[in-house]
Amino acid sequence: MNSSPFILLVTDLLGRASARRDETIVGPIEIVMDLDRVDASNPVTVQVRLEALADQILARGDIAYSAQVHCNRCLTEWTESGDTAFTQLYSREPNEDTQPITRDGHIDLEPAIHDEVSLALPLVPLCKADCLGLCPTCGTDLNTDSCSGHADESNSPFSALRQLLEP
C-alpha cells in the first residue's frame, strides 16, 4: 500500500456499527496554487474520528494548516495559519457521495484534506484589504514609502485619457 500517512486501515471498524476510533495524523499535502503566491508544502495536522455505519465509514475531523503566502499587490510574505473541518463518507460500493474502501480495508483521507485546505487558502492573497501595492514604474512598495514621481508621461499613448480622470 502507498506510504501516505493519510491512508488508514479500517478493518477493525467495518461491520461493527457505531464503533469509532480517533486518529491524529501529521503529513504533507501538496497544493499547487496559480502564480506561486501560496506555498502550502508545510505538513498539516489532522484530528479525525472514524465511525462505522453498517458497511460505511464516516470520517469527521479538523485540519490545522499553515502556508507561506505572498501578497498579490505588494509581494509581502507572511505565514497564513488556520483550521478547517472536513467530513467524508467511505463505502465498499462508492458513488458520487462516497469515496472507496479498498478490498484490503483501507481508506484515503488525502483527497478530502487536500480539497478542504485548498478551499481555505486565499485565492488572491492580500496582506491587508487596502494594500496599495507596488509602483508600476519604479517598484516602490507604496504601503511603506511614497513614490517620488517619474518623468513626464505626456508622450504616452494613454496621456489623452488622463484628462478623463482629473476632476
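Below are the figures for this structure:
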quantity: Boolean, T79 is surrounded by fewer than 19 Cβ atoms within 10 Å (Cβ to Cβ), in a loop (DSSP other than H, G, I, E, B) and polar (S, T, N, Q); calculated: no
quantity: Lone unmet requirement of (1) within 17 Å of the chain's Cα centre (by Cα); (2) charged (D, E, K, R); (3) over 28 Å from N143 (Cα atoms) for E80; calculated: (3)
quantity: Residue identified as assigned to a strand (DSSP E or B), within 19 Å of P43 (Cα to Cα) and in the same structural domain as E23 (by TED's automatic domain parsing) among S118, S66; calculated: S66
quantity: Qualifying residues in region 32-63 (those that are out of contact with any Asp or Glu (no Cβ under 9 Å at 6 or more places or on another chain), not in a strand (DSSP E or B) and not small (G, A, S)) - the one farthest from V117 (Cα to Cα); calculated: L35
quantity: Exclusive hit being in contact with a helix residue (DSSP H, G or I) (Cβ under 6 Å, 6 or more places away or on another chain) and among the polar types (S, T, N, Q), set T79, T84; calculated: T84
quantity: Unique match (being part of a loop (DSSP other than H, G, I, E, B) and closer than 30 Å to C131 by Cβ) among R16, R103, R73; calculated: R73
quantity: Residue within region 44-62 that is aliphatic (A, V, I, L, M), more than 27 Å from L134 (Cα to Cα) and at pLDDT below 90 present; calculated: yes
quantity: Filter result (closer than 22 Å to L121 by Cα, of a type in the set (A, V, I, L, M) and either touching a His at 6+ places or on another chain (Cβ under 9 Å) or in contact (Cβ under 8 Å) with a residue 40 or more places away in the chain (or both)) within region 5-34; calculated: I25, I29, I31, M33
quantity: Check on R16, of a type in the set (K, R) and more than 14 Å from E116 (Cα to Cα); calculated: yes
quantity: Unique match (being more than 22 Å from T24 (Cβ to Cβ) and out of contact with any helix residue (DSSP H, G or I) (no Cβ under 7 Å at 6 or more places or on another chain)) among H70, H114; calculated: H70
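The values are calculated or read from the model by the stated rules, or taken from the named source; none is laboratory data. Computed from a prediction, not measured in an experiment: that's the story for all the values here. Backbone-built Cβ (ideal geometry, glycine too); neighbour counts: all protein chains shown.
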